[in-house]
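Engineer: Attaching a single structure in structure tokens format; questions to follow.
The values are calculated or read from the model by the stated rules, or taken from the named source; none is laboratory data. Predicted model, so just to flag it, every value in this text is computed and none were measured. Cβ atoms come from the backbone with ideal geometry, glycine included; neighbour counts cover every protein chain shown. Only protein heavy atoms, including side chains, enter the accessible area calculation; ligands, DNA and RNA are left aside. Shrake-Rupley method; radii C 1.70, N 1.55, O 1.52, S 1.80 Å.
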Amino acid sequence: IAVLQIVKESQQQHGLRHGDFQRYRGYCSRRLRRLRKTLNFKMGNRHKFTGRKVTEEILSDNRYLLLILMDAERAWSYAMQLKQEANTEPRKRFHLLSRLRKAVKHAEELERLCESNRVDAKTKLEAQAYMAYLTGMLRFEHQEWKAAMEAFNKCKTIYEKLANAFTEEQAVLYNQRVEEISPNIRYCAYNIGDQSAMNELMQMRLRSGGTEGLLAEKLEALITQTRAKQAATMSEVEWRGRTVPVKIDKVRIFLLGLADNEAAIVQAENEETKERLFESLLSECRDAIQAVREDLKPDQKQREHSLENDSGKVSNIQYLHSYLTYIKLSTAIKRNESMAKSLQKALLQQQRSEEDGKRTPRPQDLIRLYDIILQNLVELTQLPGLEEDKNFQKEIGLKTLVYKAYRCFFIAQSYVLVKKWSEALVLYERVLKYAREVQSGAGAYTNSLKELPDVQDLITQVNAEKYSLQAAAILDANDTHETESPSQVKDGKPLSERFETFCLDPSLVSKQVSLVHFPPGFQPIPCKPLFFDLALNHVAFPPLEDKVEQKAKSGLTGYIKGIFGFKS
């Protein structure tokens, strides 16, 4: 049987592609039941259990070997499931080790049965490699590094020989398993005492994919553990001529790994990996700052007292907080500068097609990045304990001028795109002014400005851009004069008032078309006539005295008659 192929196909098809070990364990149990039923190899009946073992005498079908292989896989998958759960429930680690021992026991039985003459040489080698792999896993969990390394090396050697003995298509699976166990071997070598293995593990961590599987969390824990051991010997740090004691373990670990992280960023293979490492470093720095900030709160009164006694000199813990904040802001500046460089390359190339679905980079994107950098530099000048450091303030001032020059340059580029030639020319002159100020004041600060963009290159580029801008402005002015003629100059009248005159008006095809005056102007109209009734004064009305007297005579009698319905 092809042990590794069967194991890999089963794992990929039944849950391990998504890390679902419970689903794979259920599959192994169901397949075991089907095999036992097919082979009529049942363990008793429903009333009584009768244990049966696979022996060489009954080894007439390769499915008997599959029985033991599935037993081992079921125990291994249960162990890996418990490993995931042991992060929150540590007691499950004991059960994990028990299941791994059971898996190794089944693997040993498989290896013993494969020594039979009925089994071919390839299956024997694969069974030995499988047993060595599970043994290495068990020893790895027991932290028996030497035994684990020997088992993994044995497994690696067998798979490498198998890969060389077969075709490339068949060798792919063996080479994948070799790549899986190689980090474990290096990890064991480091724990035995081989310091070079740590460098190899760190290089693996720098790759875009990182490490996966069993070693992923182990490697992070190893790095932290190694720095913690070194941190025990670290008691102070020196920055800008002042030595500060470091008593917080988290800060010690961060400061010890700072140089390694910065070196890893420099050695990063691509921009994506570099961005990931920048984010990781900033996250660690924020955690360290938070730890210092928690110590600053109960020390508030003591800091105020020290400020009074030391004539403005900040306390050690406050100075350490300033140092960590300086690291955070400097790292943020480097990250934004790295992003700005990649955007500048994209601007120069301008080869991205619209099919990519990505927006084409613009100078405005760079302006935003340089705005953030300048804001970070302002925060650096306000750090407690550095207000009186003239050299530091001067250095930050020069860096500010450099980034202001680049910011002005890209603002001018954005004005060039909209053909605002005069504004762009003024901004180019401002760039040259900033650049000359940097060159004149950078005598004693050359070393600190090495990491910054070269100002001389910017001056050369600005001079070239000025000439091209002046040429573009002259050409644009000539085009304007050529197109302007008496027939093209309009007097501001709407279209409804100049039907008799032909005029080339480009506004007629724009969104702001002047067709009529709206709202229309006021016009005089006649007033509505007023009517006065003068005839009423000359009208004589008829007399009504007889009717009024007759009504008065009716009196009470008429009233009573009216009630009872009698009419007069």
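Engineer: Between Glu275 and Phe522, what length in nm is gained on full extension when 0.36 nm per residue of separation is reduced by their alpha carbon distance? Write out the running numbers ahead of the final one.
Structural biologist: Values: separation 247, 0.36 × 247 = 88.92 nm, distance 6.67 nm.
Length gained, Glu275 through Phe522: 82.2 nm.
Engineer: Return the distance in nm (one decimal) between the two label points of a simple spin-label model at Arg362 and Ser235, each offset 7 Å from Cα along Cα→Cβ.
Structural biologist: It is 5.9 nm.
Engineer: Given the Cα-Cα distance of Glu89 and Ala291 and 0.36 nm per residue of separation, how much length would full extension add, in nm? Show your work: numbers first, answer last.
Structural biologist: Numbers: separation 202, 0.36 × 202 = 72.72 nm, distance 2.70 nm.
So the extension gain works out to 70.0 nm.
Engineer: Additional query: Run the simple label-point estimate for Glu423 and Asn164 please: 7 Å along Cα→C-beta, distance reported in nm.
Structural biologist: Here the answer is 7.1 nm between the modelled labels.
Engineer: Please work out the FRET efficiency for the pair Lys247 and Asp389, using the Cβ-Cβ distance as r and a Förster radius of 25 Å; give the result to the nearest 0.05.
Structural biologist: 0.55
Engineer: Taking a point 7 angstrom from the Cα of Arg118 along the C-beta vector, which residues in the range 22-55 have backbone N less than 13 Å away?
Structural biologist: Only 54-55 fall inside the zone, counting backbone N under 13 Å.
Engineer: Identify the GluC sites (Glu not before Pro) of the range 352-431 meeting these criteria: DSSP loop state and at most 16 other C-beta atoms within 10 Å of the C-beta. Before the final figure, lay out each step's value.
Structural biologist: Working: sites: Glu354, Glu355, Glu379, Glu387, Glu388, Glu395, Glu423, Glu429; in loops: Glu387, Glu388.
Those that pass, being in a loop and sparsely packed, are Glu387, Glu388.
Engineer: Now a separate question. What do you get for GluC sites (Glu not before Pro) in the range 43-124 restricted to DSSP loop and a cutoff of at most 15 other Cβ within 10 Å of the site's Cβ?
Structural biologist: The qualifying sites are Glu115.
Engineer: Let me ask another. Of the heavy-atom accessible surface of the range 389-475 (probe 1.4 angstrom), what whole percent is carbon and sulfur? Before the final figure, lay out each step's value.
Structural biologist: Working: 2530 of 4720 Å².
Its accessible area is 54 percent carbon and sulfur atoms.
Engineer: Cβ neighbours within 10 Å, averaged per peptide: list 396-403, 528-535, 368-375, 184-191 in order, most packed at the top. It would help to have the intermediate numbers written out before the result.
Structural biologist: On the way: 396-403: 19.6, 528-535: 5.6, 368-375: 17.1, 184-191: 22.4.
Most protected by this proxy first, the peptides run 184-191, 396-403, 368-375, 528-535.
Engineer: Compute the FRET efficiency between Val513 and Ala346 as 1/(1 + (r/R0)^6), taking r as their Cβ-Cβ distance and R0 = 35 Å, and round to the nearest 0.05.
Structural biologist: Numbers: r = 39 Å, r/R0 = 1.11.
Once rounded, the FRET efficiency stands at 0.35.
Engineer: Keeping all protein chains in place, calculate the accessible area per residue for the range 389-475 (probe 1.4 angstrom), answer in Å².
Structural biologist: Numbers: 4720 Å² over 87 residues.
Using a 1.4 Å probe on heavy atoms only, each residue of the range 389-475 averages 54 Å².
Engineer: Now a separate question. Return the subset of Lys313/Lys404; Lys92/Lys146; Lys83/Lys250; Lys399/Lys433; Lys53/Lys83; Lys247/Lys394 for which the Cα-Cα distance in this structure is over 22 Å, preserving the input order. Walk me through the numbers before you get to the answer.
Structural biologist: On the way: Lys313/Lys404 32 Å; Lys92/Lys146 25 Å; Lys83/Lys250 27 Å; Lys399/Lys433 14 Å; Lys53/Lys83 29 Å; Lys247/Lys394 31 Å.
Distance filter (> 22 Å) returns Lys313/Lys404; Lys92/Lys146; Lys83/Lys250; Lys53/Lys83; Lys247/Lys394.
Engineer: Please work out how much length the chain gains when fully extended from Thr157 to Leu97, using 0.36 nm per residue of separation minus the C-alpha to C-alpha distance, in nm with one decimal. Walk me through the intermediate numbers first.
Structural biologist: Values: separation 60, 0.36 × 60 = 21.60 nm, distance 2.57 nm.
Result for the pair: 19.0 nm of gain on full extension.
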